[in-house]
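*Asks:* The structure follows.
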Amino acid sequence: MIKVIIERHVAEGLEEVYQETVRNLMLQITDRPGFLKGDAYRDLNHPNHFYVISNWENIGCWERWHDSPERQHMLNELAPFLESDEKCTVLALKVSYEAQPAKYAKPTQTYSY
């Protein structure tokens, strides 16, 4: 599995319109081969910085999507909102950590770790 982080800087005043547009566009990629999950975030300290973090089965699946005409069409829809080109970072999972359950947790609670 790989994780892709897409960073976008949105022009001031267009943040809400961008968020609605990206929400709609993200729904269109859920059936792409190799797509596992995607989340959109807004930077609390820089409210015009947005991130899409997605999980893909492998680098090939991501590259096919990245280079596809469908994605280029999506980027064209987002272009009017952006101050600059997006930045994509592709990560391979090496180590994963999760929090341990609290020692005072009730026995009926379940945790996966």
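The values are calculated or read from the model by the stated rules, or taken from the named source; none is laboratory data. The model shown is predicted, which means the values in this text are computed figures rather than measured ones. For neighbour counting, all protein chains shown are included, and Cβ atoms are generated from backbone atoms with ideal geometry for every residue, glycine included.
*Asks:* Identify the single condition in (1) of a type outside the set (D, E, K, R); (2) at pLDDT below 95; (3) surrounded by 12 or more Cβ atoms within 10 Å (Cβ to Cβ) that Phe81 does not satisfy, given that it satisfies every other one.
*Replies:* (2)
*Asks:* OK, next. Give the residues of the range 65-83 that are in a helix (DSSP H, G or I) and acidic (Asp, Glu), sorted by residue number.
*Replies:* Those that are in a helix (DSSP H, G or I) and acidic (Asp, Glu): Glu70, Glu77.
*Asks:* Which one of these is of a type in the set (A, V, I, L, M), in contact (Cβ under 8 Å) with a residue 60 or more places away in the chain and in contact with a Cys (Cβ under 7 Å, 6 or more places away or on another chain): Val10, Val4, Val90?
*Replies:* Answer to the check: Val4.
*Asks:* If you scan the range 36-53, which residues turn out to be within 18 Å of His9 (Cα to Cα) and not charged (D, E, K, R)?
*Replies:* Ala40, Tyr41, Leu44, Asn45, His46, Pro47, Asn48, His49, Phe50, Tyr51, Val52, Ile53
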